[in-house]
Amino acid sequence: MSRSRSRKLSRREFLQRTGRSGLAGFALTAGSGALLRGQSAVAQDAGDGVREIRLEARQALWELAPGKRLKAMTYNGQVPGPELRLQEGERVRVVLTNALSEPTTLHWHGVDVPNAMDGVPGLTQKPVAPGETFVYEFEARPAGTRWYHTHFASATQLDLGLYAPLIIEPAQPDPFPFDREYTLVLDDWVTGSGAALPRTAEGTARAQGRMGGMMGRGMGGMMERMMGRGGMMGGMMMGGSRTPAYDTMTINGKAYPATEPLLVRQGERVRLRLINASADHTHIVRLSGHRLQVTHTDGNPLAQPVDVDAVPITPSERYDVQFVADRPGAWLLTCAEPGHAHAGEQVRVDYEGYEHASPAAPEGALSDLQVWRYGLGQGRQLLPSPSGQTHTFDLILSGGMMGSDVWTINGQQYPEVDPLRLRQGDLARVRFRNHSMEAHPMHLHGQSFRVLAINGRSLAQPLVKDSVDVEAHMGAVEVEFIASNPGDWLFHCHKPMHMEGGMMTLAQIH
Ligand code: C2O
Ligand code: CU
């Protein structure tokens with residue numbers, strides 16, 4: 001972590017080093033460089049070589065920006081919750097106390113935990129009742145940008161702030177070294193103040209100038225004409241009547257100008273770990289004056305970095321990107337979705353000495369930018385080899401018609417589903433087809449998958465991910481995974497409204 005070539009330590013590095021040399025022998029940092037509030041209370045060595053972390057889920061008043069306060073749900077009083085930094089392979093014990101007035105659980109998104117630690121209420125554990133404590137224990141793997149969040153009543157709890165970064169540092173040297181890093185967690189909020197933002201129901205497809213899916217522009221245009229974009233009818237058809245009106249966008253729990261500036265020094269290679277914790281919105285991240293190099297998808301390294309101008313991120317996805325700090329000045333990292341930057345999704349990126357300069361906003365229309373898409377990346381061979389049978393599953397995603405809150409997989413609503421039945425070592429091919437008018441970020445618990453094909457086009461070197469955006473309007477995605485982690489694992493859309501509407505199934509590995 002302390003990779004700065006410069007002589008003077010940054011505040012964060014200083015804290016990390018002092019943290020390391022302390023009795024506890026580890027560092028725990030907050031996303032944007034601040035010392036974690038109540039750090040000593042959060043983590044300590046339990047005496048048996050296991051790192052023990054204490055998290056309390058509790059309500060707290062949270063200020064998104066001056067004057068914009070709401071009753072949030074927090075881990076340890078902050079949004080996002082404390083960033084956990086673990087070493088790959090390290091054993092960790094997380095003691096969760098529920099100080100909310102409703103049940104909750106913790107899910108370790110992108111971490112290959114034992115099934116009983118997966119945090120799915122009614123499936124892998126009983127919900128943790130108010131006043132109760134639950135102890136999670138697992139080995140931290142695989143390395144990369146992961147996150148943790150509630151898995152109970154997500155449409156309320158995830159939306160109100162129960163999420164945080166979980167960074168697992170690789171045991172082997174990182175293939176893409178850097179001098180400085182920041183973690184940025186993106187989120188959408190309903191505060192009731194300010195205008196409702198246009199929905200991003202088309203997901204990442206829109207960033208590439210497409211309506212989405214195999215029907216492409218023609219169909220999209222037709223739909224738009226039929227329904228009126230963003231109008232009453234459109235809103236109902238596209239989104240379901242209950243989708244809340246998001247009006248504020250945050251980076252690390254704050255809306256611009258309350259976001260904490262990212263300080264860089266000329267010559268540094270800077271890594272940004274981007275996590276989309278939003279319930280509904282896709283974001284398109286760009287940085288004025290700089291190109292971004294995508295190095296990791298959902299925490300997993302690519303074969304080589306991919307240079308782009310902007311990176312679309314669907315809910316629950318993570319991207320690690322890097323840039324070289326070679327243009328001294330004050331810049332802005334922003335979201336290119338219409339209205340998002342104005343609604344708070346901006347953060348200053350200041351070169352040392354430019355902290356008081358006025359920052360330059362990004363230039364150029366989205367249509368002129370080179371935007372990341374899955375087909376640009378080449379993954380590495382990170383998953384185990386299959387030793388059993390191959391099974392193919394066709395999963396049709398649909399629902400949301402005429403404003404309904406029902407979302408289905410093969411016409412079924414969880415928990416009334418036909419599970420994907422697998423034996424350990426089997427290879428599961430899953431072919432998603434989206435018959436609905438919204439994109440669905442599909443996430444598998446317990447192990448990662450390879451993305452084999454998007455809209456009928458094969459990827460030469462499949463990406464390793466745990467969430468994948470299946471485009472609206474007949475979008476098609478094919479993934480495969482090795483059934484390596486025994487247990488009952490959810491495979492679901494990560495938009496809480498869709499999860500709760502039934503768009504979840506199970507991979508049963510025995
Ligand atoms: Cu982020 Cu079911 O998970
Ligand atoms: Cu969905």
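The values are calculated or read from the model by the stated rules, or taken from the named source; none is laboratory data. Every value quoted in this text rests on a predicted model; they were computed, and no experiment measured them. In this analysis, Cβ positions are derived from the backbone assuming ideal geometry, glycine residues included, and neighbour counts consider all displayed protein chains. With ligands, DNA and RNA removed, areas are computed over all heavy atoms of the protein, side chains included. Shrake-Rupley method; radii C 1.70, N 1.55, O 1.52, S 1.80 Å.
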The residue from L459, L506, L452, L463 that alone is within 16 Å of ligand 1 (Cβ to nearest atom) and in a strand (DSSP E or B) is L506
Only one of A60, A116 is assigned to a helix (DSSP H, G or I) and open to solvent by 10 Å² or more (accessible area, probe 1.4 Å), namely A116
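Among the residues of the stretch 97-113, which ones are assigned to a strand (DSSP E or B) and either more than 16 Å from ligand 1 (Cβ to nearest atom) or not assigned by TED's automatic domain parsing to the domain that holds L158 (or both)?
Initial filter on the stretch 97-113 (assigned to a strand (DSSP E or B)): 97-98, 104, 106-109.
Within the stretch 97-113, T97, N98 qualify.
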Flagged in the stretch 134-178 as away from ligand 1 (no atom under 15 Å from the Cβ) and of a type in the set (A, V, I, L, M, F, W, C), in numbering order, are F134, V135, F138, A140, A143, L160, I167, I168, A171, F176, F178
Discussion item. Given the criteria buried (at least 20 other Cβ atoms within 10 Å of the Cβ) and without any contact (Cβ under 8 Å) to a residue 60 or more places away in the chain, does E478 qualify?
Written reply: yes
Original post:
Are any of the residues in the stretch 71-82 over 21 Å from the mean Cα position of the chain (by Cα) and more than 18 Å from L106 (Cα to Cα)?
Top reply: yes
Of those in the stretch 476-487 that are on the phi < 0 side of the Ramachandran plot and small (G, A, S), the residue nearest to the chain's Cα centre (by Cα) is A476
Residue pairs qualifying under the 7 Å Cβ cut-off, at least six apart or on distinct chains, with the first in the stretch 490-503 being more than 10 Å from ligand 2 (Cβ to nearest atom) and the second being at pLDDT below 95 and among the aromatic types (F, W, Y), are none
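Could you tell me which residue of the stretch 466-475 is surrounded by the fewest Cβ atoms within 10 Å (Cβ to Cβ), considering only residues that are on the phi < 0 side of the Ramachandran plot and more than 16 Å from ligand 1 (Cβ to nearest atom)? Let's see the steps before the verdict.
Applying the first criterion (on the phi < 0 side of the Ramachandran plot) to the stretch 466-475 yields 466-472, 475.
Within this subset, residues satisfying the condition of being more than 16 Å from ligand 1 (Cβ to nearest atom) are 471-472, 475.
On the way: E471: 29, A472: 29, G475: 27.
Restricting to residues being on the phi < 0 side of the Ramachandran plot and more than 16 Å from ligand 1 (Cβ to nearest atom), the top hit is G475.
Taking the condition of being in a strand (DSSP E or B), surrounded by fewer than 23 Cβ atoms within 10 Å (Cβ to Cβ) and touching a residue at least 60 places away in the same chain (Cβ under 8 Å), how many residues in the stretch 129-144 meet it? Please lay out each step first, then the result.
Residues of the stretch 129-144 that are in a strand (DSSP E or B), as a first pass: 133-139, 144.
With the extra rule that they be surrounded by fewer than 23 Cβ atoms within 10 Å (Cβ to Cβ), the set shrinks to 133-135, 137-139.
So of that shortlist, the ones also touching a residue at least 60 places away in the same chain (Cβ under 8 Å) come out as 137.
Residues that pass the stated criteria total 1.
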Those residues of the stretch 331-354 that are open to solvent by less than 10 Å² (accessible area, probe 1.4 Å) and small (G, A, S) come to a total of 1
Picked from the stretch 488-500 (must be open to solvent by 10 Å² or more (accessible area, probe 1.4 Å) and more than 10 Å from ligand 1 (Cβ to nearest atom)), the residue farthest from the chain's Cα centre (by Cα) is D488
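So if I check each of A303, A310, A255, A279, which one is open to solvent by less than 40 Å² (accessible area, probe 1.4 Å) and within 16 Å of ligand 2 (Cβ to nearest atom)? Explain how you work it out, then say what you get.
Details: A303 fails: within 16 Å of ligand 2 (Cβ to nearest atom); A310 fails: within 16 Å of ligand 2 (Cβ to nearest atom); A255 fails: within 16 Å of ligand 2 (Cβ to nearest atom).
That would be A279, the only listed residue that is open to solvent by less than 40 Å² (accessible area, probe 1.4 Å) and within 16 Å of ligand 2 (Cβ to nearest atom).
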_I'd like to check something: does the stretch 368-385 contain any residue that is touching a Pro at 6+ places or on another chain (Cβ under 6 Å) and not in a loop (DSSP other than H, G, I, E, B)?_
yes
